[in-house]
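The values are calculated or read from the model by the stated rules, or taken from the named source; none is laboratory data. Predicted model only: the values in this text are computed from it and were never measured. For neighbour counting, all protein chains shown are included, and Cβ atoms are generated from backbone atoms with ideal geometry for every residue, glycine included.
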Amino acid sequence: MSIYFDNNATTPLAPEVREFLVAHLDEFGNASSVHQAGQQAKRLVNTAREQMGALLGCQESELIFSSGGTEALNTVLLANFLPDPQGKHLIVSSVEHSAVLETAHYLESLGAEVTRLKVDRQGRLDLEELRLSFKPQTKLVAIMWANNEIGNFYDVQAIGEICQEKGVPYLCDAVQVVGTLPIDLKKLPIDYLVASAHKFHGPKGVGFLYRRSQAPLSPLIRGGRQERGMRAGTENILGIAAMAKALQVARFEEVAEISALRDRMEAELLKLFSDLRIHGELNNRLPGTSNFALPGVSGETLLMNLDMRGVQVSLGAACESGSMDPSHVLLAMGFSPQEALDGLRISLSRYNSQAEVDSFINLIKDF
Ligand code: PLP
């Protein structure tokens, strides 16, 4: 048996994306070359940019392809603070992904000032705290759209409006949202938005940064003139084209089914374990995400046992597992280090089924 319940860590390729990749594997041209192979490669990138601009409601010139979410987030953070971070102020939430938190920490070590907004026991932010955190020297606000561990959505509309009022650009990590929910960037008060193809059934090593024209930016990676000089390096042609394909075939109408599957799973778990603790804001979460702890059962033991029986789940963020550090998100929510070690995350996608959830429930009964 193999059941994959770790879709917030990464997702399997959509069959349509796989087919597309296989069909284009021999496209080897460099988009900067003037000959036919180069021009064919350029067409693939241009078409991907057109399709994605149309799907996301932005101009093509506002999209910068990158190697993924981490690079795009680093690009914006460093562009707004380097080369002179002293005296500049950054606001982040305390539950951001490490791509933001570690970069914030690095900027702090270089002299920038960082405010980390608190969350409550359900992982919710207080937007009044955000409003009060601005200083004359605030250069950027980075708050994610949805949290990868507990699934909470944050109110990007309200956050963006506050940032606009204060005249400070807003960076939104939408890695868990793009491809899961429809997005219309025209209507959103967001200056920078970041996404990553491998979270929405596309390939790894490719993502994008949306940057509203006029928002300050300088390249993280310098060299050639690719991406209008904002991201040097030969383009990952197939990755970019496959990312556009993954976005095209995203099926947003299945969101309700995924959340119903998750809700049925949680209801079954609650029947089995009346003291089950479910983390996060239960009625305002990513459709497939469930983060919970079984009191008295270590998360690590549960994860290992499930894995031996073919069910793949996660403890906190995948990039931190292996180190077995307590989840920084659960710690920020006020759980003890032991409680924060026990959080188990299940993240479902459109490729999971009720039969898989039933098998999982049958297995977990015996713990
Ligand atoms: N931001 C969030 C919310 C994520 O979940 C992830 C991936 O785990 C990232 C950023 C990093 O994206 P990537 O894996 O493309 O570097």
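A search for C-beta distances below 8 Å between a residue of the range 56-74 that is more than 16 Å from Pro219 (Cβ to Cβ) and in contact (Cβ under 8 Å) with a residue 40 or more places away in the chain and any residue that is in a helix (DSSP H, G or I) and away from the ligand (no atom under 16 Å from the Cβ), counting only pairs 6+ apart in sequence or on different chains, returns Leu56/Leu185; Gly57/Leu185; Gly57/Lys186; Gly57/Lys187; Cys58/Leu185; Cys58/Lys186; Gln59/Gly53.
Kindly state which strands (runs of 3 or more DSSP E) lie completely within the range 272-367 and contain at least 3 residues that are over 24 Å from Thr70 (Cα atoms).
Details: elements: 277-279, 289-293, 344-347.
Those strands (runs of 3 or more DSSP E) span 277-279.
If you go through the range 228-237 one residue at a time, do you hit one that is under 21 Å from the mean Cα position of the chain (by Cα) and either surrounded by fewer than 18 Cβ atoms within 10 Å (Cβ to Cβ) or within 22 Å of Glu281 (Cβ to Cβ) (or both)? No, the range 228-237 has no match at all.
Restricting to the range 230-275, count the residues that are without any contact (Cβ under 8 Å) to a residue 12 or more places away in the chain and closer than 30 Å to Ala23 by Cα.
The initial filter retains those residues of the range 230-275 that are without any contact (Cβ under 8 Å) to a residue 12 or more places away in the chain, namely 253, 260, 263, 267, 270-271, 274.
Narrowing the set further to residues that are closer than 30 Å to Ala23 by Cα leaves 253.
The total comes to 1.
Pairing residues of the range 352-367 that are under 14 Å from Arg264 (Cβ atoms) with residues that are among the charged types (D, E, K, R), at Cβ distances under 7 Å and at least 6 apart in sequence or on separate chains, gives Val357/Arg264; Ile361/Glu268.
Could you please let me know if Val92 is of a type outside the set (Asp, Glu), under 12 Å from Leu140 (Cβ atoms) and in a helix (DSSP H, G or I)? Show your work before the answer.
On the way: of a type outside the set (Asp, Glu): yes; under 12 Å from Leu140 (Cβ atoms): yes; in a helix (DSSP H, G or I): no.
Answer is no for this residue.
Here the condition is being in contact with a helix residue (DSSP H, G or I) (Cβ under 8 Å, 6 or more places away or on another chain) and either charged (D, E, K, R) or at pLDDT below 95 (or both); of Arg262, Arg222, Arg211, Arg251, it holds for Arg211 alone.
If you check Asp173, Asp155 for being more than 16 Å from the ligand (Cβ to nearest atom) and within 19 Å of the chain's Cα centre (by Cα), only one passes: Asp155.
Residues in the range 176-210 that are over 21 Å from Val45 (Cα atoms) and near the ligand (Cβ under 8 Å from one of its atoms): 1 in all.
Considering only residues in the range 87-102 that are of a type outside the set (A, V, I, L, M, F, W, C) and more than 10 Å from the ligand (Cβ to nearest atom), the one that is surrounded by the fewest Cβ atoms within 10 Å (Cβ to Cβ) turns out to be Gly87.
Screening Glu300 against (1) of a type in the set (Asp, Glu); (2) modelled with pLDDT under 90; (3) surrounded by 15 or more Cβ atoms within 10 Å (Cβ to Cβ) leaves a single unmet condition, (3).
On the given criteria, is Val76 buried (at least 18 other Cβ atoms within 10 Å of the Cβ), part of a helix (DSSP H, G or I), within 16 Å of the ligand (Cβ to nearest atom) and not small (Gly, Ala, Ser)? Write out each step before concluding.
Details: buried (at least 18 other Cβ atoms within 10 Å of the Cβ): yes; part of a helix (DSSP H, G or I): yes; within 16 Å of the ligand (Cβ to nearest atom): yes; not small (Gly, Ala, Ser): yes.
Considered against the rule, which asks whether it is buried (at least 18 other Cβ atoms within 10 Å of the Cβ), part of a helix (DSSP H, G or I), within 16 Å of the ligand (Cβ to nearest atom) and not small (Gly, Ala, Ser), Val76 comes out as yes.
Report yes if Ile143 is within 15 Å of the ligand (Cβ to nearest atom) and either without any contact (Cβ under 8 Å) to a residue 60 or more places away in the chain or over 22 Å from Ala14 (Cβ atoms) (or both), otherwise no. Answer is yes for this residue.
Please specify each residue of the range 84-122 satisfying the condition of being hydroxyl-bearing (Ser, Thr, Tyr), within 19 Å of the chain's Cα centre (by Cα) and more than 18 Å from Asn152 (Cβ to Cβ). Working first, answer last.
Of all residues in the range 84-122, those hydroxyl-bearing (Ser, Thr, Tyr) come to 93-94, 98, 103, 106, 109, 115.
Now drop any that are not within 19 Å of the chain's Cα centre (by Cα), which leaves 93-94, 98, 103.
Of everything in the range 84-122, just one residue is hydroxyl-bearing (Ser, Thr, Tyr), within 19 Å of the chain's Cα centre (by Cα) and more than 18 Å from Asn152 (Cβ to Cβ), namely Thr103.
Among the numbered conditions (1) within 14 Å of the ligand (Cβ to nearest atom); (2) closer than 18 Å to Leu63 by Cα, the only one that Pro216 does not meet is (1).
Would you say Phe292 is over 30 Å from Gly29 (Cα atoms), at pLDDT below 95 and surrounded by 18 or more Cβ atoms within 10 Å (Cβ to Cβ)? In short, no.
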